[in-house]
Amino acid sequence: MRRTSRAGRALATPRPAGPMDARAPELRAVADPADLDREEALARLFERHYASMLRLAALLGADDPENIVAEAYYEIYRKWRRLRDADRAESYLRSVVCNLTRMRIRHLQIVRKHTEPPVAEWAASAEYTALLHDDQRALIAALGQLPPRQREALVLRHWMGLKESEIAKAMGISTGSVKTHTARGIAALTQVLENRR
């Protein structure tokens with residue numbers, strides 16, 4: 001019978017993974033209840049609000065609404081633990097979509113100044129245009145001609161149905177400014193649509 005030393009037996013027998021094992025952080029990350037709660041909450045947020053956030057970005061004039069919304073969800077994923085109240089995640093998400101769209105439009109305006117020839121402000125797909133009635137097309141075209149702040153205020157108020165305080169928070173402005181942008185936007189839209197008749 002052959003004898004082996006204690007060191008030889010220790011090397012030959014597998015040992016269970018301990019806290020210092022290289023795989024342990026991955027196992028802990030999967031089992032962390034806070035991460036699981038975050039994943040579930042974000043999945044619910046995505047199911048409930050993805051389509052409305054996509055429409056919001058498109059109505060605000062984003063040329064790539066899918067990327068804007070994806071980036072907004074990524075931002076909320078990163079900052080989830082810093083949110084003071086998870087119930088306010090929807091308003092935070094809406095605010096991020098507005099800010100990202102605004103930044104994207106500014107970036108595109110700068111890029112377009114330095115490119116030849118100038119590109120049209122907003123072009124809808126043929127399928128999208130075919131589905132809209134004449135009045136709807138005229139309204140959306142007029143909405144696209146408004147300054148960004150007026151367009152944001154009108155979309156958030158009349159399409160999303162938000163209160164002035166919620167709009168102010170989403171846009172990062174005062175409620176008085178929301179009233180001003182909304183009133184000016186409605187006046188401009190009314191003028192455009194009346195001239196059309």
Only one of ARG38, ARG94, ARG106 that is in a helix (DSSP H, G or I) and farther than 28 Å from LEU139 by Cβ
ARG38
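Considering each residue of the range 60-85, count those that are assigned to a helix (DSSP H, G or I) and either without any contact (Cβ under 8 Å) to a residue 40 or more places away in the chain or touching a helix residue (DSSP H, G or I) at 6+ places or on another chain (Cβ under 6 Å) (or both), and give that number.
Taking the range 60-85 first, the residues assigned to a helix (DSSP H, G or I) are 65-78, 80-82.
Then keep just the ones that are either without any contact (Cβ under 8 Å) to a residue 40 or more places away in the chain or touching a helix residue (DSSP H, G or I) at 6+ places or on another chain (Cβ under 6 Å) (or both); that gives 65-78, 80, 82.
Number satisfying all stated conditions: 16.
Filter the range 43-59 down to residues that are touching a Phe, Trp or Tyr at 6+ places or on another chain (Cβ under 7 Å) and free of Cβ contacts under 8 Å to residues at least 40 places away in the same chain, then give me how many there are. So that I can check it myself, show each step before the final result.
Our first condition is that a residue be touching a Phe, Trp or Tyr at 6+ places or on another chain (Cβ under 7 Å); within the range 43-59, this holds for 46, 59.
Those still in the list that are free of Cβ contacts under 8 Å to residues at least 40 places away in the same chain too: 46.
Residues that pass the stated criteria total 1.
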Examine the range 124-145 for a residue that is under 22 Å from GLN191 (Cβ atoms), modelled with pLDDT under 90, open to solvent by 60 Å² or more (accessible area, probe 1.4 Å) and not in a helix (DSSP H, G or I), and state whether such a residue exists.
yes
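Just for the range 146-185: of the residues that are closer than 19 Å to THR101 by Cβ and in contact with a Pro (Cβ under 9 Å, 6 or more places away or on another chain), which one is least open to solvent (accessible area, probe 1.4 Å)? Walk me through how you get there before you give the answer.
So the first thing to find is which residues in the range 146-185 are closer than 19 Å to THR101 by Cβ, and the list is 146-162, 166-173, 177-178, 181-182, 185.
Going one step further and asking which of them are in contact with a Pro (Cβ under 9 Å, 6 or more places away or on another chain), we end up with 181, 185.
Numbers: HIS181: 42, GLY185: 0 Å².
Top of the filtered list is GLY185.
The values are calculated or read from the model by the stated rules, or taken from the named source; none is laboratory data. Here the structure is a predicted model, which means the values were calculated and not measured. FYI the Cβ positions are ideal-geometry reconstructions off the backbone, even for glycines, and counts take in every protein chain you see. These area figures cover heavy atoms from the full protein model, side chains too; ligands, DNA and RNA do not enter into them. Shrake-Rupley method; radii C 1.70, N 1.55, O 1.52, S 1.80 Å.
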